[in-house]
Structures are given as C-alpha cells and as structure tokens.
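Comments concern the structure below.
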Amino acid sequence: MDNSKAFLRKTYKEKRVAISSKERLKFDDLLLLQFQQIDFSGIHTLLTYWPLAAMGEPNTHLFSGYLRHMIPGLTMAYPRITSEEEMEAVIIDEDTVYDTNQWGITEPRGEHTLPATAIDLVFAPLLIFDQKGYRVGYGKGYYDRFLSNCTHAAIIGFSYFEPIREITDTHEFDLPLTIGITPDKLYEF
C-alpha cells in the first residue's frame, strides 16, 4: 500500500468529506471527550485554527472553547500567512475581525502577534497521523516551518481516523505530534 504523503493526502481528504454531518458531530463530541482527559496545567497560550468546513475538518472551536473555559486568561492566536510566505500567530479576542485568504482559510486581522517561543500549545491541522506521531497536512509546509520555532509547545492533532502504521516519506524537518486524538483514543508520542 502506498503510504506516501501525496497518496494519503488525497485518500484522507476524500474519506473525511464523505463523513455525514451527523457522524461528524458525533465524532467531534467524542474527540472533545478524549481532549478533556489531558492535563492542561501550565498552559497559558494556544495557537489554534479555524476549521475548514468544506474540508470536513474537526471542529477546533469546541476544543479551544473548552480551554478558554478551563484556563482563565488564556491567550489565543490564529495563524496568518505573511507577504513573505511565512506563518505568524496573531492574538485574537472577541473583537477580532477575520478575512478569508486565497486558500479559503479564515485568518485574523490585527497587529499583535505571539512569538513562536511563547506558545504553550498548538492545534496542528492534519488529514491523518501515523503511529510515530507524524502527520500529513495539506502540503504547504507552513506549520512545520513555524513549529520548528515553538521550542516548548505541545502539539495536538485531531483525526476522525485511527493512525496508520507509517508515513513512508517523512523528512528530517517534520515534527511529530505530542498528542494525537481520535474519537476512540488519545495517543501520546
């Protein structure tokens, strides 16, 4: 079986959008139950992302909302791609205005950014992860480059599917997840 990133990206995009909205709601609730088992003491900053409904992504708003409730004063940021084709973490609040970029991704406006080294927790988008914690993203590399500077952040990925055995073409710069969450299990790497 082909377990290259390109093949897995195509396969799991198709599998994920084929999930009914009713099943997705159920899976999101199960992901939240798994997520709630984690000890978040020491977490003060979160880099999350706006889920792409058209891509069938898990509802990250559930998980960030839970953290906002559990951690008073939590600083939250969303990614934004700069004109230099780099990712930055823009701090958000209830007054933040959002725009949609050329890939259909919702990004915040605003000038206050969070340095990568100040981030405690990252929700990393993915299509699938493997048993070593490596993930298949959307192939642009923005997250891997950014995460390489997040020196002490825990990296969490959410998937509707159990991990595959191995992604065959990981690179030396790929960073594994700290925790992978599926509807049935929490995986620590």
From the set of residues in segment 67-101 that are free of Cβ contacts under 8 Å to residues at least 24 places away in the same chain and within 18 Å of residue 51 (Cβ to Cβ), which is surrounded by the most Cβ atoms within 10 Å (Cβ to Cβ)? 92
Restricting attention to segment 150-186, the residues that are over 14 Å from the mean Cα position of the chain (by Cα) and either under 12 Å from residue 134 (Cα atoms) or loosely packed, with under 14 Cβ neighbours inside 10 Å (or both) number exactly 16
Counted residues in segment 21-62 being within 22 Å of residue 9 (Cβ to Cβ) and in a loop (DSSP other than H, G, I, E, B) come to 9
Please work out which one of (1) part of a loop (DSSP other than H, G, I, E, B); (2) closer than 20 Å to residue 86 by Cα is the condition residue 166 fails and give its number. (2)
Assess whether residue 52 counts as being free of Cβ contacts under 8 Å to residues at least 40 places away in the same chain and either within 14 Å of the chain's Cα centre (by Cα) or closer than 20 Å to residue 24 by Cβ (or both). no
Which residue, of 139, 110, is on the phi > 0 side of the Ramachandran plot and free of Cβ contacts under 8 Å to residues at least 60 places away in the same chain? 110
Filter segment 22-53 down to residues that are aromatic (Phe, Trp, Tyr) and more than 18 Å from residue 184 (Cα to Cα), then give me how many there are. 3
Mind checking which residues of segment 132-145 are within 28 Å of residue 80 (Cβ to Cβ) and at pLDDT 95 or above? 133, 134, 135, 136
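The values are calculated or read from the model by the stated rules, or taken from the named source; none is laboratory data. Source: prediction; values computed, not measured. Cβ atoms come from the backbone with ideal geometry, glycine included; neighbour counts cover every protein chain shown.
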